[in-house]
Structures are given as structure tokens and as C-alpha cells.
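Taken together, the values in this text are just the output of simple stated rules run on the coordinates, not laboratory data. Just so it is clear, the model here is predicted, and its values are computed rather than measured. In this analysis, Cβ positions are derived from the backbone assuming ideal geometry, glycine residues included, and neighbour counts consider all displayed protein chains.
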Amino acid sequence: MKKYQLYATMGAGFESVVAKELNKLGYETKTENGRVFFEGTQEDIVKTNLWLRSADRIKILLKEFKALDFDSLYNEIYAYDWAQLLPVDAKFPVQGRTVRSKLHSEPDVQSITKKAIVDKLVSQYHRRGFLPESGSQYPLDIHIYKNLARISLDTTGQSLFKRGYRVEHGGAPMKENFAAGLLELTPYNGTHPLIDPMTGSGTLAIEAALIAKNIAPGTWRKFAFDEFDWFDTKLHPELVDEAKNQVRELEAPIWASDIDQSVLEIAKLNAHNAGVLQDIRFKQVAVKDFKTDLENGIVIANPPYGKRLKDRESAEALYKQMGEVFLPMENFSQYYLTADPNFEKFFGKKATKKRKLFNGNLRVDFYQYWANRK
């Protein structure tokens, strides 16, 4: 089978997490900022889209070259054999990004890349300067960094965080792949209890259940490659069936609680859609009233961060309550994500380790408190 040069993209700070996931799946990797490279066949394209928990997309690297001027950009793109990739009626939107390069105008880079592909296809398909673009979509991406251009084909479509289990609701919930990435930064593997005491719409608890039960996060969705006319259509359903056969029973309890009953209802619906409603114990309870008889587990939470003064005061009061309730639970490893630089002060203890991340464009810290195991 044909081998492709592939790469996964991910949010800043999650490169090592995605590389580790790929290594576990059996791939040799090479890491750059925001990308982890690996080789694979069409089967591997399906497998990685299906199984990667913390990545954004899987792309095929089509060509890499130096682009110091628009003529060389046009000529290098034109030289590629586009007819073997794109049928005559293909829709092929081109996204462009350029960083610290001579060619700094992104709209120009995009339009010249598009023009070169159109001109080549017109010549290859003997058309008279017109391509219908009425068929399946082949999303292309031109990225130039320090004058090195890479053109790639996105095999994913909508970002991998769109698992397909989450219902729409207000607020800005944590993305599914971000939640999975946080869990991958803990020792969690489903063999110890997990508690999320501020669960909101349930994303952390649901992603934990998917990890614990070995459920592939891409089980419910379609991908861009499903529309490629040269892609083996049998592979996707076969690998979904294979994934479903690898699901296991939950070993240790997952608790998810929140003070707000209405968001818990959304969390339950999301858990139902993900097939893990029976695996998570949802309960309406305020942090100050939280009690558990579980031991040797993990507490993980994304407490609210107050931007306005009034909200900040209530957030800080909540951190204080968290410290009073959770710090005595010494045999639990504890992980808290917040954008508040004063979190440790109000929680009442300095973290064992702190990791800087970006939740969207928001700079956040992941405070880690390691357990004293019994």
C-alpha cells in the first residue's frame, strides 16, 4: 500500500502528548512546534483520525520547498501532479498561513497557490479555463515558515475535537481534545477513581470514561477522507467495527458533580450521546459540601476564572473552599486548570508542578499536586 508523509496538528503545549499517543499506536515520530510527523498508509490515516484524543487534524504533506518569491511558489505548486489527487469536479479550498517569511501576504500566497493548481488541472484535464468545483471537498493548506513552504491535504475535515457527542449550549466549554490532553498529562488510565467536582457540561469526565473504556474518540463522526474519490471506502467502517470490539468495562468509578443542576442535565445528555452515561456518577453538590470515601485516585477540575472584580472575588472564595475540601485528600493526585495567577495563594498550597498551556487564546496554568499514596 502507498505510504504517505503524514502529520498531526495540535494546540500549543500538547506536542509531546500527541507524540506519545502516536508512539503507543506504533508510529515513529518527529516533533516540531504544533506538528508531529509520521508515515502511514490509508489505513493509518483512518486509524489516527479515529484514535488520537488530543490532536486537531491529520494532514498529508504533499510537497515541501523553498519559496522566496511568487514565481517559485507558482512553479513549485504547478509542478505537482494534481490530477492524481483531485478529480475534475473537486472543490479545493486553499487556506494559507505565512510566518517570518519573504512572502508575507497570506491572501496573495493563497490566491497564487490556487491559481497554480487551477492552471495545472485545466491543462491535465484539457478544460477551457473552467473547473466546476461542484464535487467532493479536498481541503488544502499552504503554510510558509521561514521561507519553507509546505502544501498539505487535510484528511480530517472538522477538527478532531468535534467528537459528535456534545449538544450545543451557552458559555465556552472546554474542547474535547483539550480535556483529553489534560487527562493525558496525568497518570490516569482508568484503573483508579477519578473525580471532577466542577464538571460543567461534563467534558473531562466523559473523556476520562472514553479513555477508561478504550473507546475511540472518533467513533461517531465522518472525516474529510470519506469524500476522497481515491480513498478505500471499506477501511473506515472496518476500523470502526474493530474499535468497537476493543471497548472494555469500566474498572474504577468516575464521579462528576456541579453546583448547577441545569448544566448537569446537559452533561448527562452528552454522556448519553457518548455511550458512557452508566459509567459516570453525576451529582448536584457544591464544592464546600463535597465528600467521598474513594481513595488513591485523581481529582481534576477547571474551576471558574473571574475576569471582572466581583467574579474574581467569588472565584477566589471558591479556590479557598477547594483547598479546605481537597487538600486533606492526600492520597489523591490533584490537577487544576485556571487562568488565575493567584490560584496557589487562595488554594493554600504551592503546586508540585505547573504547566503553561493555551485554552484557545487564553493563557492558563495546569497546577499539579502529586499524591502521597497509601
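With R₀ fixed at 51 Å, the C-beta to C-beta distance from His126 to Val247 puts the FRET efficiency at about 0.50. Taking the longest Cα principal axis of the chain as reference, the axis of helix 309-326 is set at about 60 degrees.
Quick check: from the Cα gyration tensor, does segment 126-171 come out rounded (a/c under 1.5), prolate or oblate? It comes out oblate by the Cα gyration axes. Each residue of segment 127-140 is assigned a 3J(HN,Hα), and the resulting list reads 9, 9, x, 9, 10, x, 6, 10, x, 5, 9, 10, x, 9 Hz, derived from the Karplus form 6.51 cos²θ - 1.76 cosθ + 1.60 (θ = phi - 60°), x at Gly and Pro. To the nearest 0.05, what FRET efficiency results for Lys291 and Asn342 with a Förster distance of 22 Å applied to their C-beta separation? Efficiency, from the Cβ-Cβ distance: 0.25. Taken over segment 4-154, lysine pairs spaced eight or more positions apart, or on distinct chains, with alpha carbons under 12 Å apart number 5.
DSSP assigns beta bridges within the chain; of those with both partners inside it, close to 65 percent run antiparallel.
Helix 203-212 and the longest principal axis of the C-alpha atoms of the chain enclose an angle of approximately 80°. The convex hull defined by the C-alpha atoms of segment 4-154 has an orientation-averaged projected area of 9.0 nm².
If you take all C-alpha pairs in the chain, what percent of them are over 32 Å apart?
Summing the P(r) of the chain above 32 Å gives 41 percent of all pairs.
The distance linking segment 172-241 with segment 253-319 is 19 Å (Cα centroid to Cα centroid, whole angstrom). For Phe92, the amide hydrogen comes within under 5 Å of the amide hydrogens of Tyr138, counting only partners 5 or more places away or on other chains and with H modelled in the peptide plane.
Magnitude of the charge dipole for segment 4-154, about its Cα centre and with charges confined to Cβ atoms of Lys, Arg (+1) and Asp, Glu (-1), is about 180 debye. The 3J(HN,Hα) values that the Karplus relation (6.51, -1.76, 1.60; θ = phi - 60°) gives for segment 3-13 are, in residue order, 9, 10, 7, 10, 8, 9, 10, 7, x, 4, x Hz. Gly and Pro appear as x.
Restricting attention to segment 221-342, the count of lysine pairs at 8 or more positions apart or across chains with alpha carbons under 22 Å apart stands at 13.
Put in order of Cβ neighbour count within 10 Å, fewest first, the listed residues Val276, Val122, Val364, Val99 become Val99, Val122, Val364, Val276. Label-to-label distance, Lys24 versus Trp230, with points set 7 angstrom from Cα along the beta-carbon direction: 3.3 nm.
Between Glu106 and Asp311, the simple label model (points 7 Å from Cα in the Cβ direction) yields a spacing of 2.6 nm.
Sequence-ordered 3J(HN,Hα) estimates for segment 245-261 from the Karplus curve with 6.51, -1.76 and 1.60 and θ = phi - 60° stand at 6, 9, 5, 10, 6, 5, 8, 10, x, 10, 10, 9, 10, 7, 6, 9, 5 Hz, glycine and proline given as x.
Here segment 261-374 carries DSSP beta bridges of which approximately 75% are antiparallel, counting only pairs with both residues inside.
Using Cα pairs under 8 angstrom and six or more residues apart, how large is the relative contact order of segment 4-154, in percent?
Answer for segment 4-154 is 25 percent.
Across the chain, Cα pairs under 8 Å and at least six residues apart give a relative contact order of 14 percent. Working from the Cα coordinates of segment 335-374, the gyration tensor eigenvalues give, after taking √(5λ), semi-axes of 20, 12, 6 Å in decreasing order.
For segment 233-265, applying the loop criterion from DSSP together with a ceiling of 15 other beta carbons within 10 Å to the trypsin sites (Lys or Arg not before Pro) yields Lys234, Arg248.
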